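Report on the following structure.
The values are calculated or read from the model by the stated rules, or taken from the named source; none is laboratory data. Given the structure is predicted, the values throughout are model-derived calculations rather than measurements. With ideal geometry, Cβ positions are generated from the backbone for all residues, glycine too; neighbour counts draw on all protein chains shown.
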Amino acid sequence: MASLISLCTLKPWKTHLLKHILTIPRVIKLPHLKLKVDFSGWRIPILIPVKYFESALLNIEHVFVNCDYFQVDYAIPAPGYSVLDIGGFLGFYSSATSRLTGESGVVYVFEPNPLVLSYLARNAEISTTSGARVRVYPRAVCVEGGVVELYVGENPAVSSLLAEHVELFTKINRRVQVKCTRLSSVLRHLRYVDIVKLDVEGLELDLLREASDELNRVRVLVVEVHRDLVETSEVEELLINHGFRDIVVYTSSEMPYQVILYAKRTLSSMRGYRDPC
């Protein structure tokens, strides 16, 4: 594991201060607020919905303070990388990643939740002003294609195709019909991906199994494992069986019900590999 002090430079006290500041626009009923967050020497602009500011602040801490997706050096994108972000939420990970991939890289983001899609799209648009390319797809990634029911939580960060997962952490706010595409189809279309970040609220093992024949198109996997539904050991075993090595399981004190599993494969075992340089 690498020291990431230079990467995640947002101080925790700033998010605590933001929590108090954000009560002001909430009282006067502003729809959103634009902030700038520190990340690896940049001041990244992000738009957050005031209605969901608690969820947004937790996600800011998740990405920019605790660096939960960047705890291992091989999972840090470099210029020219292609990154697939499945479960983009408000787009904070994509905003951070697009700064690292730069003009020659690209970030593909999938997010089905209609409550947050406009903010994700706007944050992606803000990111592109730095020259990075971010492409947003308003779809769920599923085991089967077609149309499925998404259970949207009162905390919109906890929205899933699995009602029992949502009900464990929050109340179901609404049910919406969303379009689905298979992970295997996405990987075949992209041909090769440097990093896949997978946050699908309890469906991670099912998706990896569905796409198992295409996982050799992926160099690095960053999988958020939700332990109420998925055994970390099963994910680890599947990835080892499909050629992934250097597996690291990271547990954040801020996320007691989930872990981040990192895994990579050698370039010699890649299908469709191209040198980003």
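Odds and ends about this structure:
- Listed by position, the helices (runs of 4 or more DSSP H) contained in the range 82-200 that have at least 3 residues being over 17 Å from Glu210 (Cα atoms) and not aliphatic (A, V, I, L, M) are 92-101, 117-128, 163-169.
- Condition check for Glu54: out of contact with any Lys or Arg (no Cβ under 7 Å at 6 or more places or on another chain), more than 25 Å from Asp194 (Cα to Cα) and among the acidic types (Asp, Glu): yes
- Flag if Val249 is farther than 21 Å from Val148 by Cβ and either at pLDDT 90 or above or in contact with a helix residue (DSSP H, G or I) (Cβ under 8 Å, 6 or more places away or on another chain) (or both): yes
- Residue check, Ser184 among the hydroxyl-bearing types (Ser, Thr, Tyr) and surrounded by fewer than 22 Cβ atoms within 10 Å (Cβ to Cβ): yes
- Options Pro156, Pro114; residue that is in contact (Cβ under 8 Å) with a residue 24 or more places away in the chain and either crowded, with 17+ Cβ neighbours inside 10 Å or of a type in the set (Val, Ile, Thr) (or both): Pro156
- For Asn66, the conditions (1) of a type outside the set (D, E, K, R); (2) within 28 Å of Phe244 (Cβ to Cβ); (3) modelled with pLDDT of 90 or more all hold with the exception of (3).
- Yes/no for Leu168 being over 25 Å from Val50 (Cα atoms) and of a type in the set (A, V, I, L, M): no
- In the range 47-81, the qualifying residues are those that are of a type in the set (Gly, Ala, Ser) and crowded, with 17+ Cβ neighbours inside 10 Å, and the one that is farthest from Pro156 (Cα to Cα) is Ala75.
- Failed condition for Val109, given (1) in contact with a Gly (Cβ under 6 Å, 6 or more places away or on another chain); (2) at pLDDT below 95: (2)
- Filtered residue count, the range 134-171, keeping only those that are of a type in the set (Ser, Thr, Tyr) and either more than 17 Å from the chain's Cα centre (by Cα) or closer than 20 Å to Ser185 by Cα (or both): 3
- Contact map, the range 43-70: first residue assigned to a helix (DSSP H, G or I), second residue surrounded by fewer than 19 Cβ atoms within 10 Å (Cβ to Cβ) and polar (S, T, N, Q), Cβ cut-off under 7 Å, separation 6 or more or different chains; pairs are Ser55/Asn155; Leu57/Thr15; Ile60/Thr15; Glu61/Thr15; Val65/Thr15.
- Residue list for the range 166-193, restricted to those being out of contact with any Leu (no Cβ under 6 Å at 6 or more places or on another chain) and more than 29 Å from Ser82 (Cβ to Cβ): Val166, Glu167, Leu168, Phe169, Thr170, Lys171, Ile172, Asn173, Arg174, Arg175, Gln177
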